[in-house]
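> Sharing a structure, written as structure tokens. Questions coming.
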Amino acid sequence: MTNSILYEREYGAVRLRLQEFMGPRGINRNQMARRIGVRFEVVDKWYQGKLEKMDLDVLARLCFVLDCQAGDLLEYSTPDGEE
């Protein structure tokens with residue numbers, strides 16, 4: 001079977017790792033919201049991993065403040081048992 005989402009099957013998930021990067025740097029969600037110029041609710045959704053859609057501008061701002069790459073904040077996991 002080809003890799004396609006047209007077939008109903010599990011395709012994995014992307015996990016946000018913002019919490020893991022902010023904690024060691026001592027940055028809380030209020031501080032991050034101020035640093036990147038967005039509302040607290042925006043950072044909170046990223047922090048809790050509850051995004052519905054990803055805003056690449058917000059991702060770029062987070063990477064700038066945290067001095068990291070986009071791939072550092074995103075982690076893709078494949079479905080169990082597949083490679």
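> Identify, please: which residue in the range 5-61 is open to solvent by 60 Å² or more (accessible area, probe 1.4 Å) and among the acidic types (Asp, Glu) and is, among those, modelled with the lowest pLDDT?
Applying the filter and picking the extreme gives Glu8.
> Restricting the range 65-83 to residues that are without any contact (Cβ under 8 Å) to a residue 12 or more places away in the chain and of a type outside the set (Asp, Glu), which is surrounded by the most Cβ atoms within 10 Å (Cβ to Cβ)?
Ala70
The values are calculated or read from the model by the stated rules, or taken from the named source; none is laboratory data. Treat the numbers as computed from the prediction; the structure is a model and nothing was measured. So basically every Cβ, Gly included, is an ideal-geometry build from the backbone, and we count neighbours across all protein chains shown. Protein only, heavy atoms only, side chains kept; ligands, DNA and RNA dropped before computing areas. Shrake-Rupley method; radii C 1.70, N 1.55, O 1.52, S 1.80 Å.
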